[in-house]
Structures are given as structure tokens and as C-alpha cells.
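To start, the structure itself, in C-alpha cells.
No value in this document is a laboratory result; all are computed from the given coordinates. Remember, predicted model here, so these are calculated numbers, not experimental data. With ideal geometry, Cβ positions are generated from the backbone for all residues, glycine too; neighbour counts draw on all protein chains shown.
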Amino acid sequence: MSDHSSLVGGSSADRYINCLGAAQLGKSVPVPMVGAAAHLGTALHYVMEALLKPEATAVPRDLIGDVVELDETDAGGNPVKIELTEALVLMKIQPAIDWFEQVLKPDQYWLEERVEFKGELEGAFGTADVLYIKDGTAGVVDWKFGGHRVSAKNNAQLQFYLAAALQSEWFYDMTVKEGLMHFEAHIVQPSFQYRAGNAKAMEDIANRARYSFEDLCLFHASLRWAKKMKDEGNHTLSCGRWCQFCRAQPVCPAWSQRGSDAIASLKKVPVEGAVFKSGAKKGETKPVSPAVQSKATLALEAEDTIRERYLEATALSGWCEAVKKYVADRFAAGAPIKGLKRVVHREVRMWKDEEKARLWAKAKGLGASEYNTPRALISVAKMEALLGEGTLKESLVQKAPRGIAVVRENDPRPSVDGFESSSSSALSDALNKT
Ligand code: SF4
């Protein structure tokens, strides 16, 4: 699998152009461990390459049960091995191969092709999954095996691969010199919903965009501009969609500011004299207590404002999750944050044995649709609400912690780590200073 450019690569191109400060801020944050999803993606890319090589004779089904051993290690330092289950082969690999052979059908193609910029952007490179030429068109294909849907439109990663490929004499000669001034870019993203033989489903796993030669020149110019700005010391932070995979997001001042601004804007809403939409007679005004201020705000605000609030809240909740994950990762890495500690989250009641609990619920006269959700047995609390307090059979229920929570150090619950975070490691001290 490809290595990564320390300057800018395909997956970081959007961020590189749009947030001049991301690279510098990112230096203060440890590089996270490669997760299981990324390992799986790497393994599936290997498989795609192996199956699409012109000399390949195997078909996807031949690989069911095989194990791909990666040149990478997991959190425990063990080599990563990915078993190619039937589901992975038939729902991920097979559809991508079908799409390539039955829909794209390229005349010529190059797999896992390293593409790189020259001149001012020397050192910026990436690896295109597929470059191809077909009937007077040329393009790039990117396999995506994760669940997060990606569009080929306005896609900086795909433009990066095409613009970088055009720096190579061989690709430029075969395309632009031959009069090809438009390029196709495809994201192929099979989902577990795919059913072989369904032509529509096979087309639906891919989406496509067209980029002109001018678009790619403009994109190249944007990269050069960003490089020049950074070289001149401009590290302005700018929030946007490109923050999603930025490892600096949890410590990013631009996001802290955005969160503070959102809270401040809520506080500014006038409360006195607000008119309730419900609970008050038409035209009647009631003073609104701070506790219900946000409800009154929603009732009074225009549709546009609510929409903007919703979008802002969605963006901020992503940031909140990133901050929580960062803190959890720091504790897991033995580098706790000063003033915080890990405790056992509150205990919840769970079923000891769901099958026995089902039989018991049935004996109590409940129908299957009452004690089952589409996926599982209803929770203990819901069952109690259904049958009444004190009716549960104790032997069916157990208490178990809901997990680990990170809380303030003065929380009365004991730390699960057996030490307070102020007695932290050298790594923690170094990170707490950043
Ligand atoms: S989170 Fe966004 S704004 Fe902050 S450094 Fe990363 S890309 Fe820039």
C-alpha cells in the first residue's frame, strides 16, 4: 500500500488548500493509531489490485476464507491479518470488480499508480487506485470500502490524482496531447446492501464527476497558492468540511471559538415578552424562565434560523465527538489530561440471558411484538414500564457498568486507573503543554 506525502497527498488536499494552519497545528497532536477500518480498507485495496492485474486468474469467490497479512501492526504490536469473509468478498470485492469489468470496461489501465507533482510542489504525491483510458476519455477510480458516503463531485482527492498524473509525461502525452481535455473521476463504494445480478444496484455503487483540463490547472494553482501562503508564514485556521479527518480538530482554537460563538448567540436571545406557541392563549405574553428559554427560542425563530442552528449544531456535535475521542485516546495511551480521570460509568440493568427473559415475558402474557424490537429484546427498564414496577424476576437481571467515563478529577467516584491524572507520565506532561 502507498506511503504518505509529508507535504500534501490526495486525502489531505482539501484541508491543505482550505485551512492554511492545519499542518502546523497537527504537529502538536500525536499521530493516531491506524484503526481497524483503515486496516480493512488497506487489505481490500490489496485484493482489488491482485484481482485486476492483467495476469490475474483468480475470481473473487476463490478468495473466500483467505487471510491477507498486512505489513502493519495492531495496537498490541501484532501483525494485522484480515480474513476475507464471504460477506466481504461478495458485498465489497465482487461488486467493485463487476463494476470495473461490466460498467467501466477500460481499454488501458494502471493500478496503484504513484502520481507526483513537480517544481514548487516537489514532494507532494499520492497513489491513484486506477488510472485508465477508454474510447477517448481518461480518468481515475478510487475504491472506498468504508460506510461514510463520498461524492466524486468537487472532490479534492480525485482532482489531486488527476492533476498530479498530468505532471507525468506519459499520461500527459496520452491525454492532453491527444486532445483529451476532459477527465472522469469515479468513487466506487460498494455497500453491504448490494445483490449480485442487480444491474441498477451495480451502477449505484459508483458515482462520477467530470473535470476539465482547466479545472485541474486551477486545482494545481490552488495547491501552489496554499504552499506559498504557508511558506510566507500564513497559518490561518479555517473551519469547514475538510476538518472531518483533521487530527488537530480536538485542540483546534477555531473550533473552540465556533463553539463559544454558538453558545453566546443562544444567550443573546431576548426572553422577556416572548410569546409561546403553545401553553399560552393567542397573543398572550408570558415571561420565560431561563430553563425554558431554548424552547421559547425555537418557537419564535424563523425557519431559516432553525435550519442554520441545526447545521451548526451538527457540525459542532462532530467536533464534540472528536474532542471526546481525543481525550479517551490520550488516557488509553497512558497520557492522561491533567484535572481529569477515568471512572466506571454508572451501572445499568441488563438481561442475564435474553432467551430466558423472552420466555418469561411470554409467560407473563406479552406478545412477541411487545417484548422485541426489530433487533433485540426490549431493555429491562422498558420491560418494567410495560409490566409495572416490582414485577421483574430478579434472577433474570444483572447490573453492569455502562463503560468508562472521563470526568473531573474531583468527582467522588474512584479512578479506574489507580492513579490521579496529575501524577501523569512524561508523554502526558509534554502533551499537556501543547
Ligand atoms: S480542525 Fe479544521 S480549522 Fe482546525 S486545524 Fe484542522 S482543518 Fe484547520
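For this structure, a couple of remarks:
- You can think of it this way: the chain between Ala400 and Thr236 has 54.3 nm of extra reach, that is 0.36 nm per residue less the Cα-Cα gap.
- Rounded to the nearest 0.05, the FRET efficiency derived from the C-beta distance between Arg210 and Leu311 at R0 = 35 Å is 0.80.
- Translational diffusion coefficient of region 26-80 (Stokes-Einstein, Kirkwood radius from Cα pairs, 10 °C, 1.306 mPa s): 120 µm²/s.
- Taking other C-beta atoms within 10 Å as the exposure proxy, His186, His4 rank His4, His186 from fewest upward.
- Neighbour-count ranking [beta-carbon atoms within 10 angstrom, fewest first] of Cys246, Cys320, Cys252: Cys320, Cys246, Cys252
- Computed from the C-beta positions of Thr373 and Arg349 and an R0 of 25 Å, the FRET efficiency is 0.90 to the nearest 0.05.
- If you bin all the Cα-Cα distances of region 319-403 at 5 Å, starting from zero, the percentages per bin are 3, 12, 19, 17, 10, 8, 9, 11, 8, 3, 1.
- Calculated FRET efficiency for the pair Thr57/Ser265, C-beta based, R₀ 45 Å, to 0.05: 0.10
- Here region 57-177 is described by how far its Cα atoms reach on the three principal axes: 46, 37, 29 Å, from widest to narrowest.
- Potential lengthening of the chain between Lys356 and Asp173 amounts to 58.8 nm, from the contour at 0.36 nm per residue minus the alpha-carbon distance.
- The tail of the calculated P(r) for region 13-243 beyond 26 Å holds 44 percent of all Cα-Cα pairs.
- Anisotropy class of region 1-138 from Cα gyration tensor, a/c 1.5 cut: oblate
- Relative contact order (percent, whole number), region 74-232, Cα cutoff 8 Å, 6+ residue spacing: 25 percent
- Packing-based exposure ordering (other Cβ within 10 Å, fewest first) of Asp417, Asp261: Asp261, Asp417
- Global geometry of region 93-139, whether rounded, prolate or oblate, following the gyration tensor of its Cα atoms and the 1.5 cut on a/c: oblate
- Residues whose amide H falls under 5 Å from that of Glu72, counting only those 5 or more places apart or on a different chain, are Val80, with hydrogens built in the peptide plane.
- Normalised convex hull volume, region 346-396, alpha-carbon set, Å³ per residue: 86 Å³
- Taking label points 7 Å from Cα along the Cα-to-Cβ direction, Val327 and Cys217 give a separation of 5.1 nm.
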